[in-house]
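Asker: Have a look at this one.
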Amino acid sequence: MSARLVSVLAGVALLAGCGGGSAEEAGPAAPGGYTFTQIASGFDQPVHVTTAPGRTSPLYVVEQPGRIRTVQNGRISGTFLDIRSRVVCCGEQGLLSVAFHPRYARNGRYYVYYTAPNNRVVEYQRGRARRTLLNLSDPYSNHNGGQTMFGPDGRLYAGTGDAGAGGDPENRAQNLGSRFGKLLVWNVNGRSAQPQIVGYGLRNPWRFSFDRQTGDLYIGDVGQNSWEEIDFTPRRSPGLENYGWDVFEGRAQYESKARNPRGRLVRPVSVYAIGGGQCAVVGGYVYRGSAVPAARGRYFFGDNCSGKVWSLRIVGGRARDLRQESVNIPNISSFGQDGRGELYAVGLRGGLYQLRAR
């Protein structure tokens, strides 16, 4: 249902009127010990927020049309990168994320994921494009994935969508010969620019993250018609994971066919129903900061249309204490964290938010 999924990264006008619904088995709204407070505004369709490794300032906010803005003391302080002339935007296309090299302070290297209209991951060094790591010719404009992030192993990870349309018509996600519908990884310190596939069976993994304390992986994979899902993979996992699409959507059978037998099948730890104003999951982070002790160890995620935010804990590989938080972030598009594990979020209406104690 591609028209619905365009709203994941669409302009505010396409998202007006969303609201309602609830997460699967969600408990009551959380007590008011913390909230997301708006700390800056005025961004042009922000879709990602992060900092350089170990830093708390400046914040870098990625704008979908092709700019990365810096934020200090609650104000937009400058433009870090402007590649609007190279980026095809918008809908689900655009400049989608940035990841800073773990040794960025020394080498000045960072990595951006954007559509041109091919899906591209490009290494930059001190403002100049250095090499292209990924350049996928995409037959459709939707389901581009878009997250780049360094993992606990020091390698660069990127999530790609199944290439688009509806129902993965070319069966790319289950095909290990395709780089669509995959979690890819590069050793960017080596000579080879070829990625390794470490996860597959993904529909549109718009946002994923690693728990900075445990190294565990969380993926928010956007659903088709019925279910949004959160996937969890512990750091000790041996390697190749199959997240099920398009044999499964959430925990339900989607197509009556055999899945690829390679690797380990991963079932979602949490799902919620599409409808009632809920349209697309926005994966988040496990909070490991110090400013909000009551939230430590909780994984936060949201929904793009309703603006709702939920959180849960993983105990023994299972989701526990799932609850809807008493906050709404209009058209939330991404979460992010700084070098100390403090949690942020952005919404397509132009706001930047931070998790803070009340």
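Asker: Order the peptides 36-44, 333-341 from the highest to the lowest mean number of other Cβ atoms within 10 Å of their residues.
Answerer: Listed from highest to lowest mean packing, they are 333-341, 36-44.
Asker: Can you list the residues, at least 5 places off or on another chain, whose amide H is less than 5 Å from the amide H of ILE274, using H built in the peptide plane?
Answerer: For ILE274, the qualifying residues are TRP227, GLU228.
Asker: Same structure, new question: Explain nothing, just the number: dipole magnitude of segment 234-358 about its Cα centre with +1 on each Lys and Arg Cβ and -1 on each Asp and Glu Cβ, in debye rounded to the nearest 20.
Answerer: Around 520 debye, computed over segment 234-358.
Asker: How many angstrom lie between the Cα centre of segment 183-230 and the Cα centre of segment 282-304?
Answerer: Distance between centres, Cα-based: 18 Å.
Asker: Short version: ³J(HN,Hα) in whole Hz for each residue of segment 79-86, in order, from phi by Karplus 6.51 cos²θ - 1.76 cosθ + 1.60 (θ = phi - 60°), x for Gly and Pro, what are they?
Answerer: Running phi through 6.51 cos²θ - 1.76 cosθ + 1.60 with θ = phi - 60° gives 10, 7, 8, 9, 10, 4, 6, 9 Hz.
Asker: Right, here's the next one. Once phi is turned into ³J(HN,Hα) by the Karplus curve 6.51 cos²θ - 1.76 cosθ + 1.60 with θ = phi - 60°, what whole-Hz value does each residue of segment 178-192 show in order, with x for glycine and proline?
Answerer: Karplus values, whole Hz, x for Gly and Pro: 10, 8, 7, x, 10, 9, 10, 9, 10, 8, 6, 8, x, 7, 6.
Asker: Let me ask something else about it. State whether segment 2-357 is rounded, prolate or oblate according to the following rule on the C-alpha gyration tensor (a ≥ b ≥ c being the square roots of its eigenvalues): a/c under 1.5 gives rounded; otherwise a/b larger than b/c gives prolate, and the remaining case gives oblate.
Answerer: Rounded shape, in that the Cα axes give a/c under 1.5.
Asker: On to the next question. Okay, helix-only estimate at 222 nm for the chain: each DSSP H run of n ≥ 4 adds -39500 (n - 2.57), divide by all residues, round to 500 deg cm²/dmol; what do you get?
Answerer: Mean residue ellipticity at 222 nm (helix-derived): -500 deg cm²/dmol.
Asker: For a quick check: sort ILE314, ILE230 by the number of other beta carbons within 10 angstrom, fewest at the front.
Answerer: Numbers: ILE314 22, ILE230 26.
The fewest-first ordering by Cβ neighbours comes to ILE314, ILE230.
Asker: List, in order, the whole-Hz ³J(HN,Hα) value for each residue of segment 97-109 obtained from phi through the Karplus relation with A = 6.51, B = -1.76, C = 1.60 and θ = phi - 60°; use x for Gly and Pro.
Answerer: After applying 6.51 cos²θ - 1.76 cosθ + 1.60, I find 5, 9, 10, 8, 4, x, 10, 4, 4, 8, 9, x, 9 Hz.
Asker: Go through 240-250, 262-272 and give me the packing order, highest mean Cβ count within 10 Å leading.
Answerer: Ranked from most to least packed, the peptides come out as 240-250, 262-272.
Every number in this text was worked out from the coordinates using simple rules, so none of it is lab data. What you see is a predicted model, and the numbers here were worked out from it, not measured in a lab. Cβ sites come from the backbone with ideal geometry, for glycine too, and all protein chains shown count toward neighbours.
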